[in-house]
Amino acid sequence: PAKRGIAMVFQSYALYPHMTVYENMAFGLRRLKQDDAAIETSVNEAARILELTDLLERLPKQLSGGQRQRVAIVLSFVRDPNVFLFDEPLFYIDAALRLQTRLEIAKLHKDMNATMVYVTHDQVEAMPLADRIVVLNAGNVEQFGTPLELYHTPANLFVATFLGSPTMNILDATAKSADGAAVHIATQSVADVAVPVANDGVESGAAVKFGIRPEHLVLCDADQGTFSGEVDVVEELGESHLIHVNAGETQRVIVRENGVASVKEGDRVGLNFDAAEGHLFRADGVALARKAANIPTQAMA
């Protein structure tokens, strides 16, 4: 059958309270004058995908918030539209099912060959779902590109600190000099860091921001690091851990490591990093362009 226009899914689910889940899902198809057999097939398949089969005879008031939201998502799928508009569709769904629902949306996006415009404040949803991301701030477009482009080459401080969990470490620094290969900076604890970025209007002595992501910091012995600090907090996440290090009055950084932490609160540690993984931002927050050799590429479907 031909595609049927635009389907919208909102953060606040809109269901007919006097209709069962099945009737809610079938209502739009009946208005499109589909026959009963086709409606039953479409509804049952959509319900299977989002684990709603056992709830088809219930009324909305008998469902949890997450279950109602899943019904609202299914309502959009059964119409087989060519454009989906999603506004925080996973907001009310519990964490365990959110991952599964996100995967199903990604699969449906591919299988249905439909355009999906997906609004979310959650980067964990945006990064894996998107072909392209538009980062908005107070109504302004900060950057547009693939998820990896935005993650590895943020256009400014807002994008750099918005994408990534935990966020990018940002350190105050001073520009010292520049050559064709790098801009040399000094931070509170490091006398000279050669960051391989293009110099775009940064003069010697100018205040800049140096950014390094938690996964690009490496712990070592305190006397062997590029700089050192004291462990404030260790967050065990199971497959990995986050180590919060106080490296000076304006230098508090987070390190992400895999496995179980080998340090504890109060330990003195050293930290190393590859300057090629660093980011440099002017005083106005605009990023200096990183060297292309350091930027991963993303294959597009």
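What do you reckon, is residue 162 at pLDDT below 95 and of a type in the set (Phe, Trp, Tyr)? Working first, answer last.
On the way: at pLDDT below 95: yes; of a type in the set (Phe, Trp, Tyr): yes.
Yes, satisfied.
Tell me, which residue of the range 73-104 that is among the acidic types (Asp, Glu), touching a residue at least 40 places away in the same chain (Cβ under 8 Å) and over 20 Å from residue 26 (Cα atoms) is surrounded by the fewest Cβ atoms within 10 Å (Cβ to Cβ)? Outline the logic, then answer.
Filtering the range 73-104 for residues among the acidic types (Asp, Glu) gives 80, 87-88, 94, 104.
This time we only want the ones that are touching a residue at least 40 places away in the same chain (Cβ under 8 Å), so: 80, 87-88, 104.
Adding the requirement that they be over 20 Å from residue 26 (Cα atoms) leaves 87-88, 104.
On the way: 87: 14, 88: 17, 104: 19.
It comes out as 87.
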Next item on the list: Kindly indicate which of 174, 187 is in contact with a Phe, Trp or Tyr (Cβ under 7 Å, 6 or more places away or on another chain), modelled with pLDDT of 90 or more and more than 30 Å from residue 128 (Cβ to Cβ).
Entry: 187
Checklist line | Leading residue by the ranking (nearest to residue 220 (Cα to Cα)) among those in the range 246-271 that are of a type in the set (A, V, I, L, M) and more than 27 Å from the chain's Cα centre (by Cα) | finding: 269
Check: Can you tell me which residue in the range 36-58 is farthest from residue 114 (Cα to Cα), limited to those that are polar (S, T, N, Q) and open to solvent by less than 70 Å² (accessible area, probe 1.4 Å)?
Finding: 44
Next item on the list: Take the range 110-147 and flag every residue that is surrounded by fewer than 17 Cβ atoms within 10 Å (Cβ to Cβ) and of a type in the set (Asp, Glu).
Entry: 111, 122, 131
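From the list 129, 163, exactly one residue is under 22 Å from residue 237 (Cβ atoms) and free of Cβ contacts under 8 Å to residues at least 60 places away in the same chain. Which is it? It would help to see each step written out before you state the result.
Numbers: 129 fails: under 22 Å from residue 237 (Cβ atoms).
Exactly one residue qualifies, and that residue is 163.
So if I check each of 176, 209, which one is in contact with a His (Cβ under 9 Å, 6 or more places away or on another chain), more than 30 Å from residue 266 (Cβ to Cβ), open to solvent by 10 Å² or more (accessible area, probe 1.4 Å) and touching a residue at least 24 places away in the same chain (Cβ under 8 Å)?
Values: 209 fails: more than 30 Å from residue 266 (Cβ to Cβ).
Just a single option satisfies the conditions, and that option is 176.
Name every residue in the range 133-156 that is of a type in the set (A, V, I, L, M, F, W, C) and in a strand (DSSP E or B), in order of residue number.
Step one: of the range 133-156, the residues of a type in the set (A, V, I, L, M, F, W, C) are 133-136, 138, 141, 144, 148, 150, 155.
Correct list: 133, 134, 135, 136, 141, 144.
From 283, 276, 301, which residue is at pLDDT below 95, touching a helix residue (DSSP H, G or I) at 6+ places or on another chain (Cβ under 8 Å) and assigned to a loop (DSSP other than H, G, I, E, B)? It would help to see each step written out before you state the result.
Details: 283 fails: touching a helix residue (DSSP H, G or I) at 6+ places or on another chain (Cβ under 8 Å); 276 fails: assigned to a loop (DSSP other than H, G, I, E, B).
Result of the check over 283, 276, 301: 301.
Which residue is farthest from the chain's Cα centre (by Cα), if the candidates are limited to the range 159-200 and must be hydroxyl-bearing (Ser, Thr, Tyr) and part of a strand (DSSP E or B)? First the steps, then the outcome.
So in the range 159-200, the residues hydroxyl-bearing (Ser, Thr, Tyr) come out as 161, 165, 167, 174, 177, 187, 189.
Within this subset, residues satisfying the condition of being part of a strand (DSSP E or B) are 174, 177, 187.
Working: 174: 30, 177: 34, 187: 29 Å.
Going through the qualifying residues, I end up with 177.
With respect to residue 266, determine if the residue is open to solvent by less than 70 Å² (accessible area, probe 1.4 Å), without any contact (Cβ under 8 Å) to a residue 24 or more places away in the chain, farther than 24 Å from residue 154 by Cα and part of a loop (DSSP other than H, G, I, E, B).
It is false that residue 266 is open to solvent by less than 70 Å² (accessible area, probe 1.4 Å), without any contact (Cβ under 8 Å) to a residue 24 or more places away in the chain, farther than 24 Å from residue 154 by Cα and part of a loop (DSSP other than H, G, I, E, B).
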Note to self: Quick test for you: out of 19, 8, 25, pick the one residue that is assigned to a loop (DSSP other than H, G, I, E, B) and not charged (D, E, K, R).
What the structure shows: 19
Next item on the list: Could you pull out every one of the strands (runs of 3 or more DSSP E) wholly within the range 209-261 that has 1 or more residues that are of a type in the set (Ser, Thr, Tyr) and over 15 Å from residue 188 (Cα atoms)?
Entry: 240-246
Margin query: When the residues of the range 179-192 are narrowed to those that are among the hydrophobic types (A, V, I, L, M, F, W, C) and surrounded by fewer than 20 Cβ atoms within 10 Å (Cβ to Cβ), which ends up farthest from residue 203 (Cα to Cα)?
Written below: 190
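I need a count of the residues in the range 36-58 that are of a type in the set (Asp, Glu) and touching a residue at least 24 places away in the same chain (Cβ under 8 Å). Please lay out each step first, then the result.
In the first step, residues of the range 36-58 are kept if they are of a type in the set (Asp, Glu); the result is 36, 40, 45, 51, 54, 57.
Keeping just the survivors that are touching a residue at least 24 places away in the same chain (Cβ under 8 Å) gives 51, 57.
Total meeting the criteria: 2.
Being touching a residue at least 40 places away in the same chain (Cβ under 8 Å), among the basic types (Lys, Arg) and either open to solvent by 80 Å² or more (accessible area, probe 1.4 Å) or farther than 19 Å from residue 8 by Cα (or both) is true for just one of 107, 33, 61. Which residue is that?
On the way: 107 fails: touching a residue at least 40 places away in the same chain (Cβ under 8 Å); 33 fails: touching a residue at least 40 places away in the same chain (Cβ under 8 Å).
Selected residue: 61, the only one of 107, 33, 61 that is touching a residue at least 40 places away in the same chain (Cβ under 8 Å), among the basic types (Lys, Arg) and either open to solvent by 80 Å² or more (accessible area, probe 1.4 Å) or farther than 19 Å from residue 8 by Cα (or both).
The values are calculated or read from the model by the stated rules, or taken from the named source; none is laboratory data. Predicted model, so just to flag it, every value in this text is computed and none were measured. Cβ sites come from the backbone with ideal geometry, for glycine too, and all protein chains shown count toward neighbours. Side chains included, ligands, DNA and RNA excluded: accessible areas come from the protein's heavy atoms. Shrake-Rupley method; radii C 1.70, N 1.55, O 1.52, S 1.80 Å.
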